[in-house]
Amino acid sequence: MSSLGTINQFVELLSKEKGIDPKVILDAVKDAVLVAARGQFHTNEELVAEMDARSGTILIFGVKKVVDPVTDPDKEISLNDAKAIDSTLEIGGEVRTPKPTESLGRISAQKAKQVILQKVREAERENIFSEYSGRVGELVTCVIKRIEGQDLIADVGKSEARIPKKEQSRLENFSVGDRVRCIIKSVEKAGKNAGVTISRAAPELVM
C-alpha cells in the first residue's frame, strides 16, 4: 500500500487471503488513514474517512457540528456560517471540509500498514475463536507446517494450531509436511496462548 489511491483490489486480496469480511479490512484502512492524517495535519478538529465508491480512493473530511453558540471552534460552527456554506443546514447538522490526502504520502502508507496489520490480527483471532471455541475435544487431521523451538505449528483448515512440547508424545517425531491426527485441546482469544492448541497426548486421542 504505497499511496492513498485505489484500495478496492487491496481490500479484496487481503480479505480472500485472511478469510476476513471485506468491511473489517475497509474499516481498518479508514482507521489507518485517520491515524496518519491526525499526525500530519496536527489539528484538533474531528476527522472522518470515507471511501469514494466510484474511484476507490479514501477521502478525508474535517467535520464541524452546527451549534449556536459556538464553544469549541475546532469542532463547531455557527448556524450563520454553516448556512453560508449550505443554506439547508440547521442546528445539529454538520459541515464537512475535504482535506488534501496527497500530502500524507509514504508516512501515511507506513502508519496505515501498521494499523491494518493490527486490525487484521484482531479479526483473525476473533474468527479463529468463533470457529473453534465450541470444538474443544474434537478430533482433527492437520499437517505440520513448521517447527518453533520445541513446539509444532500445524495447518488446521485455514488456521494454524500449536502443539506445545507438553502435548506431544515422547514416542513420536514429526517433520514438516507430516499429516497427524490431534485433539483440539483449547482455544484462547488473547494472551500468550492465543489461538488453537492441539494435542497428541490427550486421553481422548487414545480412546
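The values are calculated or read from the model by the stated rules, or taken from the named source; none is laboratory data. Predicted model, so just to flag it, every value in this text is computed and none were measured. Note: ideal-geometry Cβ built from the backbone for every residue, glycine included; neighbour counts use all protein chains shown. What goes into the accessible areas is simple: the full protein's heavy atoms, side chains included, and nothing from ligands, DNA or RNA. Shrake-Rupley method; radii C 1.70, N 1.55, O 1.52, S 1.80 Å.
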Q: Rounded to the nearest 0.05, what FRET efficiency do GLU50 and SER130 give with R0 = 35 Å and r taken as the Cβ-Cβ distance? Could you check?
A: 0.75
Q. Suppose R0 equals 45 Å; then what is the FRET efficiency for GLU122 and LEU171 from their Cβ-Cβ distance, rounded to the nearest 0.05?
A. 0.70
Q.
Could you tell me the center-to-center distance, by alpha carbons, between the stretch 39-103 and the stretch 175-193 in angstrom?
A. 49 Å
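Only Cα pairs under 8 Å and at least 6 apart count here; give the relative contact order of the chain as a rounded whole percent.
17 percent
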Q) What is the projected area of the convex hull of the Cα atoms of the stretch 45-192, averaged over all directions, in nm²? A) 15.2 nm²
Q: Please give the helix 22-41 orientation as an angle from the longest Cα principal axis of the chain, in degrees from 0 to 90, rounded to the nearest 10.
A: 50 degrees
Q. Calculated from DSSP H runs of 4 or more alone, at -39500 (n - 2.57) each and per residue, what is the 222 nm mean residue ellipticity of the chain, nearest 500?
A. -11000 deg cm²/dmol
Q. Say each of LYS18 and LEU205 gets a label point 7 Å from the Cα, pointing the same way as Cα to Cβ; how far apart are those two points in nm?
A. 3.1 nm
**Q.** Spacing of the two label points (7 Å from each Cα toward its C-beta) at ASP31 and ASP81, in nm
**A.** 3.2 nm
Q. Of the peptides 9-20, 158-169, how do they stack up when ordered by the mean number of other Cβ atoms within 10 Å, highest first?
A. 158-169, 9-20
Q: Between ARG181 and THR88, take the C-beta separation as r, use R0 = 45 Å, and let me know the FRET efficiency to the nearest 0.05.
A: 0.10
Q: Sort the stretch 33-72 into rounded, prolate or oblate with this rule: let a ≥ b ≥ c be the square roots of the eigenvalues of the Cα gyration tensor; rounded if a/c is under 1.5, and if a/c is not under 1.5, prolate when a/b is larger than b/c, oblate otherwise.
A: oblate
Q. Using a probe of 1.4 angstrom, how much of the accessible area of the chain is carbon and sulfur, in percent?
A. 49 percent
Q: Give a quick list of GluC sites (Glu not before Pro) in the stretch 25-92 that DSSP marks as loop, anything other than H, G, I, E or B, with at most 11 other Cβ atoms within 10 Å.
A: GLU90
